[in-house]
Amino acid sequence: MFLQKEYVVGVDLGGTKILTAVADLQGNILARVRKDTEADKGKEVVIQKIKDTVYEVIEEVGIKLSQVKGIGLGVPGPVDIKKGIIKHTPNLDLDNINIIEELGELNTPIFLENDANAAALGEKWFGAGKEAENMVYMTVSTGIGGGIIINKEIFHGAGDAAGEIGHMTILPDSEIQCGCGNYGCWEAIASGTALSKLARKAVETGQDTLMNELVSDLSEINGAVVAKATKEGDILAREAMDKVAEYLGIGMANLINIFNPDTIVIGGGVSQSWELMEEKANLTIKARAMDSLVDDVNIITAQLGSDVGVLGAIATALAELDLL
């Protein structure tokens, strides 16, 4: 009897794009389809676009929907995994939507996951964390997010919301307000956004800096500009980079003391400049984390790049199907 090959699909749902891929049961991507989310057109449009990408990607590979064992769906914001409900999605009109019911016409098991948790799974199984058993994945870009893996599985917490590491309070007396409403959160002082703001504030003091020459307007100063100026020996840029690296080190020391991970994987845009922050961050970690716990951990940068979300969604499906 001829047995049909089986596959999984991963959907990375973002505020600006939907990236959907079909993979074999070993996680090898066979085809991708990308569409603009067009969230401003409403939830019905977004939900239809998710369906369309699934139909299109399996058509591209030349398989039937019946050959798809499961679909992993990574979404930004908190979710109720068991019920399939998206509780809140920043920049998307999908709050309190039962996305599994909405995608019911696909007639395929759908596994919902927070996007940072999905990314953590992706790096664990297909990227930098392949050897890890207890791992913290941290993504440092516009904000700071994370996923916690314990004994090779995502730790979800009581309400599927564990891993909001960016909202640790690092500076309790800070006047820097986070998007969550609190003050002194890790992401408010150590994200890529925080680095840009710190550098712009320094430039506004009128001190000599190469950063002025790299942009036509102060608003254009971002992490990449600060990194370039730092590499070229700019003192002001170096100071901003060191301050953010120190704050990153404080937060990482907290994670090491709490979770005793064997691996921390650093993803997001800031990871591309990690070599400029590594020394200062490591000095801070060694000063603040327990010595024996520091000896246990390997700190590395992520490997999956822009595929981390969709590979994370694929890993989510494979994990739920007990295929990892």
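Every read-out reported here was derived from the displayed coordinates using simple, explicitly stated rules and does not represent laboratory data. Not measured: the values here are computed from a predicted model. Virtual Cβ from ideal backbone geometry, glycine too; neighbours counted across all protein chains shown.
State whether one or more residues within the range 187-199 are without any contact (Cβ under 8 Å) to a residue 60 or more places away in the chain, under 24 Å from T284 (Cα atoms), assigned to a loop (DSSP other than H, G, I, E, B) and not charged (D, E, K, R).
Pass one, the range 187-199, residues without any contact (Cβ under 8 Å) to a residue 60 or more places away in the chain: 187-189, 193-194, 196-199.
After this cut, where a residue has to be under 24 Å from T284 (Cα atoms) as well, the list is 187-189, 193-194, 196-199.
Of the ones still in play, those that are also assigned to a loop (DSSP other than H, G, I, E, B) are none.
No, every residue in the range 187-199 fails to be without any contact (Cβ under 8 Å) to a residue 60 or more places away in the chain, under 24 Å from T284 (Cα atoms), assigned to a loop (DSSP other than H, G, I, E, B) and not charged (D, E, K, R).
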Report task. Please state which one of E123, E204, E153 is touching a Leu at 6+ places or on another chain (Cβ under 8 Å) and in contact (Cβ under 8 Å) with a residue 24 or more places away in the chain. Result -> E123
Query raised in the report: Only one residue in L121, L106 is surrounded by 24 or more Cβ atoms within 10 Å (Cβ to Cβ) and not hydroxyl-bearing (S, T, Y). Which one?
Result: L121
Query raised in the report: Out of L255, L210, which single residue is crowded, with 20+ Cβ neighbours inside 10 Å and in contact with a helix residue (DSSP H, G or I) (Cβ under 8 Å, 6 or more places away or on another chain)?
Result: L255
Query - Flag for D160 being touching a strand residue (DSSP E or B) at 6+ places or on another chain (Cβ under 9 Å), in contact (Cβ under 8 Å) with a residue 24 or more places away in the chain and buried (at least 24 other Cβ atoms within 10 Å of the Cβ) - result: no
Query raised in the report: Within the range 180-200, is even one residue of a type in the set (A, V, I, L, M, F, W, C) and touching a His at 6+ places or on another chain (Cβ under 6 Å)?
Result: yes
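Regarding the range 280-298, can at least one residue be identified that is touching a strand residue (DSSP E or B) at 6+ places or on another chain (Cβ under 7 Å) and either surrounded by 19 or more Cβ atoms within 10 Å (Cβ to Cβ) or charged (D, E, K, R) (or both)?
Step one: filter the range 280-298 for residues touching a strand residue (DSSP E or B) at 6+ places or on another chain (Cβ under 7 Å), giving 297-298.
Next cut, either surrounded by 19 or more Cβ atoms within 10 Å (Cβ to Cβ) or charged (D, E, K, R) (or both) only: 297.
Within the range 280-298, one or more residues are touching a strand residue (DSSP E or B) at 6+ places or on another chain (Cβ under 7 Å) and either surrounded by 19 or more Cβ atoms within 10 Å (Cβ to Cβ) or charged (D, E, K, R) (or both).
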Report summary line: Within the range 90-147, the residues that are over 13 Å from the mean Cα position of the chain (by Cα), aromatic (F, W, Y) and in a strand (DSSP E or B) are F111
